[in-house]
Amino acid sequence: MEINEIKSKLGRLGIKPSKRFSQNFLISENIARRQVEAAGIQDGDRVLEIGPGLGVLSKHILDKTKNVQFIEKDPHLAGFIREEYSADVISGDAMEEDLSGFDVVIANLPYHISSEITVRLLEAGFRTAILMFQKEFAVHLTASPGSRDYSRITVFREFYSDAEIIMEVPKSNYYPVPKVDSCIVKLEGHEPPFQPRDIDQFFKIVRILFSHKKRTVRNALVSETGVLGTTKEELKPLLTDLPFADERAFNLPPEKIYEISEYVYKILKE
Ligand code: SAM
């Protein structure tokens, strides 16, 4: 979509791009087309697009299938997509809608809530998601254990899906031009690689370990006994056989954190 076309459509709708809704519109048709191609939409797939905006991705998705649900928070844009494409649009907040039941998700996500929406999408499940993120977040999401960018969201993502950056998108491809560059990430959903006996506790431990990245696993756990529902006096003597006790979070692949979590479960809950 040419910049002038974006400006005139926004003008007609009486919209000034809003920072509050992270409204930066993709200019490049080529990138939009490649993004939709990468999703590999198959016959019978149910597709979700979050934040269609002026429809730069939507029209390419609708060329592949009519079985699409759009969710757009800006009521003017929701009305525009509904009328322009005779499409099924929920005029609402993706953070409050049910995101389950979709095979494919495609979105240039509003950046201010990318992380929260991604967590909700991963929990809801999908076969393939093609999502545009701020570059920094994309790098965290796809990082490997041992790297500087490996973080809590990486472990969460690894639990539910594979991920790869498939394209870098310089900020000049958007109107208005945002402050940072973007990346398109392909996520492919999978079954969790292990089954924690207490999934909430597993993610609690992930949070503890990454909140204390510079501490050893043992010291991180001891410093957060309140979160684990215990006391230092009770926990310390039970940690003698704690696996990876002297390692630090950034070196621990999810399976090792799982082993730590199962050990903590055994000593505190069995
Ligand atoms: N898909 C369009 C594009 O690529 O040009 C617009 C992308 S823009 C980065 C983000 C879009 O998400 C905007 O249309 C914005 O109004 C919408 N949006 C913002 N917050 C939202 C939310 N909580 N739920 C659904 N849509 C939201």
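The values are calculated or read from the model by the stated rules, or taken from the named source; none is laboratory data. Keep in mind that this is a model prediction, so the values were computed, not measured. Cβ coordinates were reconstructed from backbone atoms using ideal geometry, including for glycine residues, and neighbour counts include every protein chain displayed.
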Could you please let me know if residue 118 is within 14 Å of the ligand (Cβ to nearest atom), assigned by TED's automatic domain parsing to the domain that holds residue 156, of a type outside the set (A, V, I, L, M, F, W, C) and closer than 15 Å to residue 189 by Cβ? yes
Residue list for region 143-158, restricted to those being assigned to a helix (DSSP H, G or I) and either free of Cβ contacts under 8 Å to residues at least 12 places away in the same chain or crowded, with 22+ Cβ neighbours inside 10 Å (or both): 154, 155, 157, 158
Restricting attention to region 66-78, report how many residues are surrounded by fewer than 16 Cβ atoms within 10 Å (Cβ to Cβ) and either in contact with a strand residue (DSSP E or B) (Cβ under 7 Å, 6 or more places away or on another chain) or in contact (Cβ under 8 Å) with a residue 40 or more places away in the chain (or both). 2
Flagged pairs (Cβ under 6 angstrom, 6 or more apart or on separate chains; first in region 232-254, in contact (Cβ under 8 Å) with a residue 40 or more places away in the chain; second part of a helix (DSSP H, G or I) and of a type in the set (A, V, I, L, M, F, W, C)) are 249/209; 249/210; 254/155
Of everything in region 203-242, what is within 13 Å of residue 261 (Cα to Cα) and surrounded by fewer than 14 Cβ atoms within 10 Å (Cβ to Cβ)? Give them in sequence order. 241
